[in-house]
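The values are calculated or read from the model by the stated rules, or taken from the named source; none is laboratory data. Bear in mind the structure is a predicted one, so any value in this text is a computation, not a measurement. With ideal geometry, Cβ positions are generated from the backbone for all residues, glycine too; neighbour counts draw on all protein chains shown.
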Amino acid sequence: MKPYILVVEDEMPLITLLRYNLEEAGFEVEEATDGEEALISIMERKPDLVILDWMLPMISGIEVCRQLRRRRETRELPVIMLTARTEEGDRIRGLDSGADDYVTKPFSPKELIARIRAVMRRTRPSISAEKMTFADIEMDMIAHRVTRSGEVAHLGPTEFRLLRHFMEHPGRVFSREQLLDSVWGHNVYVEPRTVDVHIRRLRKALNVGKSPDVIRTVRSAGYAMELQRSSHKTGRGLAAQSREITQ
Ligand code: CA
């Protein structure tokens, strides 16, 4: 599963250059050439990160960024803004658009890729992590393998994405709609109860040996990943403490 980057830029030579270099670096790349197209594309399929040019026809990059920050589903979407050298760069910083980072044109692809990786490490640890652990569950992001107490758990692709999402936010309760937005994306027309089906499958797959259930059903709210209360001797903070990400 390659990290998916949306490049929003209206200069074709720059798009070509970025696409070539980002694909070489192991990213999946799509492009949008104006702000409106970018917003539609993001609603259809949520990228892992957006490279957003500030000077765009119709809707400016800064307005696109603001709209993304206003929507619940894209509030935390990582954005790197491209600005021209001149005072534009300073102005954009002053405008507080909500971008995670800024890169000034002209830049080297190598520099941009380093910034992308830095933003991803900060905002989406699982993307740059090789391994994630929660209690006795280990997720190998490269081999796409999940083990529980050393035993392999067999997960389908949707269950793998669900688990990754829970492991990125241990202890946090997600509604079915939130899980649909984050794990399935917007373009997929799925009923909220489909989530229940996949949660059941995930629970079953993780139920290796005598391991306790780590997915908690929160009545009328949704689901959260945490160690169940039956093992609460170890304290409430365990869920957070036992999460560890290895780069
Ligand atoms: Ca431009």
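Evaluate the range 51-60: report whether one residue or more is within 29 Å of V190 (Cα to Cα) and either modelled with pLDDT of 95 or more or touching a Phe, Trp or Tyr at 6+ places or on another chain (Cβ under 6 Å) (or both). Yes: the range 51-60 contains one or more residues that are within 29 Å of V190 (Cα to Cα) and either modelled with pLDDT of 95 or more or touching a Phe, Trp or Tyr at 6+ places or on another chain (Cβ under 6 Å) (or both). Filtering M139, M132 for residues that are surrounded by 21 or more Cβ atoms within 10 Å (Cβ to Cβ), at negative phi, modelled with pLDDT under 90 and out of contact with any Phe, Trp or Tyr (no Cβ under 7 Å at 6 or more places or on another chain) leaves a single hit, M132.
The residues of the range 175-191 that are surrounded by fewer than 20 Cβ atoms within 10 Å (Cβ to Cβ) and touching a residue at least 40 places away in the same chain (Cβ under 8 Å), listed by number, are S175, R176, Q178, D181, S182, G185, H186, N187. Tell me yes or no: at least one residue of the range 26-37 is touching a Cys at 6+ places or on another chain (Cβ under 9 Å), modelled with pLDDT under 95, buried (at least 20 other Cβ atoms within 10 Å of the Cβ) and not basic (K, R). Taking every residue of the range 26-37 in turn, none turns out to be touching a Cys at 6+ places or on another chain (Cβ under 9 Å), modelled with pLDDT under 95, buried (at least 20 other Cβ atoms within 10 Å of the Cβ) and not basic (K, R). Check F107 against each of (1) at pLDDT 90 or above; (2) away from the ligand (no atom under 16 Å from the Cβ); (3) under 23 Å from E24 (Cβ atoms) and name the one condition it does not meet. For F107, the exception is condition (2). One residue stands out among those in the range 1-17 that are in contact with a helix residue (DSSP H, G or I) (Cβ under 7 Å, 6 or more places away or on another chain) and either over 30 Å from E130 (Cβ atoms) or in a helix (DSSP H, G or I) (or both): the one that is farthest from the ligand (Cβ to nearest atom), which is L17.
Looking across the range 38-53 at every residue that is touching a residue at least 12 places away in the same chain (Cβ under 8 Å) and more than 18 Å from V119 (Cα to Cα), the one that is surrounded by the most Cβ atoms within 10 Å (Cβ to Cβ) is identified as A38. Filtering R172, R117, R121 for residues that are assigned to a loop (DSSP other than H, G, I, E, B) and surrounded by fewer than 17 Cβ atoms within 10 Å (Cβ to Cβ) leaves a single hit, R172.
Yes or no, residue by residue, for (1) of a type outside the set (D, E); (2) touching a Ser or Thr at 6+ places or on another chain (Cβ under 8 Å):
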| position | (1), (2) |
| --- | --- |
| L14 | yes, no |
| Y20 | yes, no |
| E23 | no, no |
| A32 | yes, yes |
| A38 | yes, no |
| S41 | yes, no |
| I51 | yes, no |
| P78 | yes, yes |
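Testing G89 on (1) at pLDDT 95 or above; (2) under 20 Å from A118 (Cβ atoms); (3) within 16 Å of the ligand (Cβ to nearest atom); (4) surrounded by fewer than 22 Cβ atoms within 10 Å (Cβ to Cβ), one condition comes back false. Which one is that? Of (1) at pLDDT 95 or above; (2) under 20 Å from A118 (Cβ atoms); (3) within 16 Å of the ligand (Cβ to nearest atom); (4) surrounded by fewer than 22 Cβ atoms within 10 Å (Cβ to Cβ), only one is false for G89: (1). The residues in the range 39-61 that are within 12 Å of the ligand (Cβ to nearest atom) and not in a loop (DSSP other than H, G, I, E, B) can be counted, and the count is 4.
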